[in-house]
1. Give the accessible surface of the range 150-259 per residue, rounded to a whole number of Å², with probe radius 1.4 Å and ligands, DNA and RNA excluded.
2. With each run of n ≥ 4 DSSP H residues scored as -39500 (n - 2.57), what mean residue ellipticity at 222 nm is computed for the chain after dividing by its residue count and rounding to the nearest 500 deg cm²/dmol?
3. Leaving out ligands, DNA and RNA, what percent of the accessible area of the range 150-259 is carbon and sulfur, probe 1.4 Å?
4. Of the heavy-atom accessible surface of the range 2-137 (probe 1.4 angstrom), what whole percent is carbon and sulfur?
5. What Kirkwood Rh does the chain have if only Cα atoms enter the pairwise 1/r average? Answer in Å.
6. Does the range 88-148 classify as rounded, prolate or oblate by the C-alpha gyration tensor (a ≥ b ≥ c root eigenvalues; a/c under 1.5 gives rounded; else a/b over b/c gives prolate, otherwise oblate)?
7. Could you tell me which residue out of G10, A185, C42 lies farthest along the dipole of the chain toward its positive end? Charges go on the beta carbon: Lys and Arg +1, Asp and Glu -1, centred on the Cα centre.
8. Helix 246-259: angle to the longest alpha-carbon principal axis of the chain, degrees 0 to 90, nearest 10?
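The values are calculated or read from the model by the stated rules, or taken from the named source; none is laboratory data. Keep in mind that what you see is a predicted model, and the values were worked out from it rather than measured. Cβ placement follows ideal geometry from the backbone for every residue including glycine, while neighbour counts extend to all protein chains displayed. Quick note on the areas: whole protein, heavy atoms, side chains included, nothing else; ligands and nucleic acids left out. Shrake-Rupley method; radii C 1.70, N 1.55, O 1.52, S 1.80 Å.
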Amino acid sequence: MMDSLDARRGFAVDVALRAGALALGMHRTLAPIEAKSAIDFCTEADRAVEQLVRQEIAERFGDAVIGEEYGGKAANRVWVVDPIDGTAGYIHGTKRWCVSLAYVWRGEIEIGVIYAPADDRLFVAQRGRGATLNGRPIQVSGLRHGAAPVIELGWSERRPLSAYCTLLQRLTDAGFEFRRHGSGALGLAEVACGLNDGYAELHINAWDALAGLLLVREAGGWTNDFLADDGLRHGNLLLAATPALGDRLAAMTQDLHQAAGQPAALAG
Ligand code: LIP
């Protein structure tokens, strides 16, 4: 299995780089977008990138795929794919978007790759073998900066805005700074390399989160058990941080996650 994991790691890096290049090239001639909701959109690039990744996985390994645009079913060997995470940023022409791929074997996240083509940042992690940014090892902040912790928050319509605002209040009461950038995958990658100290979202889908979760863990960080309660199919609360903040983030969010709505169904 180790050979197979090494082969899948190399494959994931290669296909993420090519998928990112495809999305970058398509931005110049982006056709009208499809609104999934008032704040959730899909472009032809989202679909083209996911189709590319699916075809390459089918031809090389034949593993199952769960993707944001075409859904899918869990299996012992399954890839979980967000073709463009940070779609709003992509549509608006910012650099804040990425391709996110995770490989899950028997319920464990074994490989995570996040590639942000617009600023050429390639994040790679393999379970038990560390995490890198553009080939260099990365580590969570450890709060070594000595300043106020910075937490990136994600939000979607799957949880009430009031719960998000309550969390903002709790963070500021605790003396934390907060940000929102619209890509959960990149937010997690930046926890892993110490550019922020934590990421929280009251509900997020597996395709946004799994690669980044492995990056944080392999960079010495703490995360919640996202895959519990069928998180792979239904999404879940997402918490990731430098270890010193884990318990505090959990205490600030558990009631908000449980109190708000039902888990979202898997797309497709
Ligand atoms: C995004 C997530 C982010 C969330 C956004 C959006 P998308 O995914 O990565 O965490 O806060 O609302 O869902 O839609 O850009 O693939």
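1. Using a 1.4 Å probe on heavy atoms only, each residue of the range 150-259 averages 35 Å².
2. Value at 222 nm, helices only, nearest 500: -11500 deg cm²/dmol.
3. Reported share for carbon and sulfur atoms: 50 percent.
4. Here carbon and sulfur together make up 51 percent of the probe-accessible area.
5. Here the Kirkwood hydrodynamic radius works out to 18.2 Å.
6. Judged from the Cα gyration tensor, the range 88-148 comes out oblate (a/c at least 1.5, b/c at or above a/b).
7. Highest projection toward the positive end goes to G10.
8. 80 degrees
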